[in-house]
Amino acid sequence: MQAIASSSKIKSKGKSTHKRAFDAQVFLDSAGVARRVAEYRRSQKIYSQGDRARSVIYIQKGGVKLSVVNETGKEAVVAILGQGDFLGEGCITGRSICMATATTIAPTTVLVIEKNEMIRVLHEEHEFSDRFIAYMLVRNARVEEDLVDQLFNSSEKRLARTLLLLAHYGARGHPQKVVPKVSQEMLAEMIGTTRPRVNFFMNKFRKLGFIEYNGEIHVNNSLLRVVLHE
């Protein structure tokens, strides 16, 4: 999801009127202490698994990885989020603790909205509420697709799908198809395989012209062939 909303003009009888919709910056600049801007360096934790869940976070710039650790200490990356994404939304459903650790993968700026403030805004700002609900429905569909991908697809196909998703394939406003800076180790954790396997497939994709990388990864639309190939 891109900017939360923007003001739109409606012209009537030669005069312009403004229909005000929820705007992240307007919300940020309004009075009160329940919301604030926070800036993080790369590889800095926003919150940790087991922390108290008390705020919803909106990413204004940068990127965040969500990871979980099981009882034996094994870590798994469960999501990579970027500009326009929310995290920590479980607190408004009654969840008392954070189920994952949120760590930045680049210099990141976020808008922190306290739980009660988020609930108030959802009730009072209908434009924001509609967009937030739509976002959560898309996120839930993505989780289901990720599970199916993990259960039934090969590691090569899972890697191709992950790269396309990270490059926002098919999304508006992202014509560059550039993947955020993620290591091969992180990609391996996300798709449930080893780093050598990721390295092998990345080299294969590059030789076939599906991707290009020199400091950052550029994903070409042709990579979709790997996902669609039976």
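Taken together, A160, A188 contain a single residue that is in contact (Cβ under 8 Å) with a residue 12 or more places away in the chain, surrounded by 12 or more Cβ atoms within 10 Å (Cβ to Cβ) and either among the small types (G, A, S) or assigned to a strand (DSSP E or B) (or both), which is A160. Where strands (runs of 3 or more DSSP E) fall entirely within the range 41-153, those with at least 3 residues that are at pLDDT 90 or above, farther than 30 Å from H229 by Cβ and out of contact with any Ser or Thr (no Cβ under 6 Å at 6 or more places or on another chain) are at 55-61, 101-104, 108-114.
Of the residues in the range 71-114, how many are more than 26 Å from A188 (Cα to Cα) and among the charged types (D, E, K, R)? Give the derivation first.
Step one: list which residues in the range 71-114 are more than 26 Å from A188 (Cα to Cα), which gives 89-97, 109-114.
Now restrict to residues that are among the charged types (D, E, K, R): 89, 95, 114.
Qualifying residue count, the range 71-114: 3.
Only one entry of V179, V226 meets the criterion of being touching a residue at least 60 places away in the same chain (Cβ under 8 Å), crowded, with 19+ Cβ neighbours inside 10 Å and touching a helix residue (DSSP H, G or I) at 6+ places or on another chain (Cβ under 6 Å), and that entry is V226.
Among residues belonging to the range 31-40 that are at pLDDT 55 or above and out of contact with any helix residue (DSSP H, G or I) (no Cβ under 7 Å at 6 or more places or on another chain), point out the one that is least open to solvent (accessible area, probe 1.4 Å). Reasoning before the result, please.
So in the range 31-40, the residues at pLDDT 55 or above come out as 34-40.
Then keep just the ones that are out of contact with any helix residue (DSSP H, G or I) (no Cβ under 7 Å at 6 or more places or on another chain); that gives 36, 38-40.
Details: R36: 123, A38: 9, E39: 142, Y40: 38 Å².
Applying the filter and picking the extreme gives A38.
Residues in the range 122-131 that are more than 21 Å from the chain's Cα centre (by Cα) and within 24 Å of R52 (Cα to Cα): H123 only. Report, ordered by the first and then the second residue, all pairs with beta carbons closer than 7 Å, sequence separation of six or more or different chains, a first member in the range 191-206 that is among the aromatic types (F, W, Y) and at pLDDT below 95, and a second member that is loosely packed, with under 14 Cβ neighbours inside 10 Å and outside any helix (DSSP H, G or I). Going by the 7 Å Cβ cut-off, there are no qualifying pairs.
Looking for something farther than 17 Å from V78 by Cβ and charged (D, E, K, R) - is there at least one such residue anywhere in the range 95-110? Break it down into steps so the answer makes sense when it comes.
Residues of the range 95-110 that are farther than 17 Å from V78 by Cβ, as a first pass: 96, 106-110.
Among the residues that remain, those that are also charged (D, E, K, R) are: none.
The answer is no; no qualifying residue exists.
The values are calculated or read from the model by the stated rules, or taken from the named source; none is laboratory data. Predicted model only: the values in this text are computed from it and were never measured. Cβ atoms come from the backbone with ideal geometry, glycine included; neighbour counts cover every protein chain shown. For accessibility, only protein heavy atoms count, side chains too; no ligands or nucleic acids. Shrake-Rupley method; radii C 1.70, N 1.55, O 1.52, S 1.80 Å.
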